[in-house]
Ligand code: R7I
Ligand code: MG
Ligand code: MG
């Protein structure tokens with residue numbers, strides 16, 4: 001009896017996990033954003049959210065809260081489009097929403113090259129995927145813009161796994177037609193989905209890594225669906241080359257965890273940059289590493305620890321923290337995110353509303 005109620009207290013409800021995922025994503029974006037441009041101060045980690053807030057307190061007092069960036073702006077578009085289309089990905093509708101959102105608030109820190117694609121979405125297009133294919137002389141963008149916004153796609157039943165992978169791919173291809181751009185989106189989507197459907201009481205880190213590797217080995221294999229993304233003229237593969245970037249980094253996870261590698265080594269080996277292959281693995285690693293205490297981060301709240309750790313990796317701080325926050329939130333639920341924290345970050349109320357609407361579509 002006692003054991004049963006303890007287990008219930010430890011395992012968040014599915015609704016809480018959907019909320020945690022989207023609130024975690026917004027929070028990581030908001031808290032990481034101040035450091036995306038200026039860099040993290042030359043110390044290893046932030047300790048706790050309290051010291052973190054103190055450190056940038058003056059700046060925040062002036063603004064009243066942490067503003068979200070393009071990561072959240074685009075994530076909200078995906079969530080809204082999924083809600084309006086009853087859980088299905090509608091590329092034309094999503095492109096329209098991206099275009100409108102960009103016009104409405106262009107100063108959210110968008111990637112330099114994606115802007116021309118977003119502007120094109122406000123015109124009449126025969127093929128909404130075409131502007132993205134023109135990027136980088138036809139090789140497409142490998143930025144992490146597809147991965148940073150994909151969390152809502154992952155919030156579906158386990159039985160929808162294959163359909164989810166295709167939806168993740170399509171959501172990415174609207175702006176990122178490079179192999180590494182959309183494969184990173186698929187990996188991040190799978191990480192959120194697996195976290196959502198994992199039981200915290202019996203979680204097995206190695207099994208989690210092995211499952212992600214299994215998916216990416218399939219995606220990165222020659223002749224895989226990822227390598228043969230169809231184009232209207234049906235004559236070529238997607239831009240970019242198949243490099244095995246994701247499998248290579250996923251295989252580093254177990255040795256890095258085993259030696260409890262220093263955060264700087266983790267950033268160097270897994271990456272902390274704006275490209276998808278040098279940021280998605282780091283976000284997933286942050287979640288896995290922070291399930292247990294980390295030297296230098298005093299927070300006893302694993303979700304908070306995950307976001308602080310991801311920011312401490314430096315580099316593309318808003319995006320890595322947002323992706324790590326989405327995975328951790330899907331695992332721990334929304335309860336670890338305090339009321340103060342939610343008030344401090346812009347847009348957590350919308351994240352809760354959207355998570356509830358997605359829950360109602362898939363799980364009610
Ligand atoms: O990927 P994207 O939406 O940017 C997301 C990032 C996140 O960190 C956000 O927080 C925001 O700050 O931006 O936007 P893109 O413009 O498609 O890609 C981002 C950048 O990656 C580009 O501006 C390039 O600097 C780089 N990049 C490439 N560089 C050379 N060759 C992406 N693809 C290429 C490439 O093929
Ligand atoms: Mg951003
Ligand atoms: Mg960023």
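The values are calculated or read from the model by the stated rules, or taken from the named source; none is laboratory data. Model, not experiment: these values are computed from the prediction. Neighbour counts run over all protein chains shown; Cβ positions are idealised from the backbone, glycine included.
Examine the stretch 331-339 for a residue that is surrounded by fewer than 24 Cβ atoms within 10 Å (Cβ to Cβ) and out of contact with any helix residue (DSSP H, G or I) (no Cβ under 7 Å at 6 or more places or on another chain), and state whether such a residue exists. Within the stretch 331-339, one or more residues are surrounded by fewer than 24 Cβ atoms within 10 Å (Cβ to Cβ) and out of contact with any helix residue (DSSP H, G or I) (no Cβ under 7 Å at 6 or more places or on another chain).
Going through the stretch 115-129 one residue at a time, which ones are more than 14 Å from residue 171 (Cα to Cα) and within 16 Å of ligand 3 (Cβ to nearest atom)? Matches in the stretch 115-129: 115 only. Of the residues 235, 162, the single one that is surrounded by fewer than 22 Cβ atoms within 10 Å (Cβ to Cβ), more than 26 Å from residue 321 (Cα to Cα) and at pLDDT 95 or above is 162.
Looking only at the stretch 278-287, count how many residues are buried (at least 23 other Cβ atoms within 10 Å of the Cβ) and either under 20 Å from residue 38 (Cβ atoms) or more than 15 Å from ligand 3 (Cβ to nearest atom) (or both). Give the derivation first.
To start, the set of residues in the stretch 278-287 that are buried (at least 23 other Cβ atoms within 10 Å of the Cβ) comprises 279-287.
In the following step, the residues that additionally are either under 20 Å from residue 38 (Cβ atoms) or more than 15 Å from ligand 3 (Cβ to nearest atom) (or both) were identified as 279, 281-282, 284-285, 287.
Of the residues in that region, 6 qualify.
Within the stretch 1-38, the set of residues being modelled with pLDDT of 85 or more and part of a loop (DSSP other than H, G, I, E, B) comprises 11, 12, 13.
Okay, residues lined up against (1) assigned to a helix (DSSP H, G or I); (2) surrounded by 19 or more Cβ atoms within 10 Å (Cβ to Cβ); (3) touching a strand residue (DSSP E or B) at 6+ places or on another chain (Cβ under 9 Å):
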site	(1), (2), (3)
88	no, no, no
115	yes, no, no
153	yes, yes, no
156	no, yes, no
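Across the stretch 90-100, a minimum of one residue is classified as farther than 17 Å from residue 347 by Cα, more than 13 Å from ligand 1 (Cβ to nearest atom), surrounded by fewer than 19 Cβ atoms within 10 Å (Cβ to Cβ) and touching a residue at least 60 places away in the same chain (Cβ under 8 Å).
Hey, among 141, 81, which residue is within 16 Å of ligand 3 (Cβ to nearest atom), modelled with pLDDT of 95 or more and either buried (at least 22 other Cβ atoms within 10 Å of the Cβ) or within 26 Å of residue 32 (Cα to Cα) (or both)?
Numbers: 81 fails: within 16 Å of ligand 3 (Cβ to nearest atom).
Testing whether each residue is within 16 Å of ligand 3 (Cβ to nearest atom), modelled with pLDDT of 95 or more and either buried (at least 22 other Cβ atoms within 10 Å of the Cβ) or within 26 Å of residue 32 (Cα to Cα) (or both) leaves just 141.
Listed by first and then second residue, the pairs with beta-carbon distance under 7 Å, at least 6 apart or on different chains, first residue in the stretch 69-82 and over 16 Å from residue 352 (Cβ atoms) and without any contact (Cβ under 8 Å) to a residue 40 or more places away in the chain, second within 8 Å of ligand 2 (Cβ to nearest atom) and not in a helix (DSSP H, G or I), are 73/108. For the stretch 271-285, the criterion of being more than 25 Å from residue 154 (Cα to Cα) and in contact (Cβ under 8 Å) with a residue 12 or more places away in the chain is satisfied by no residue at all.
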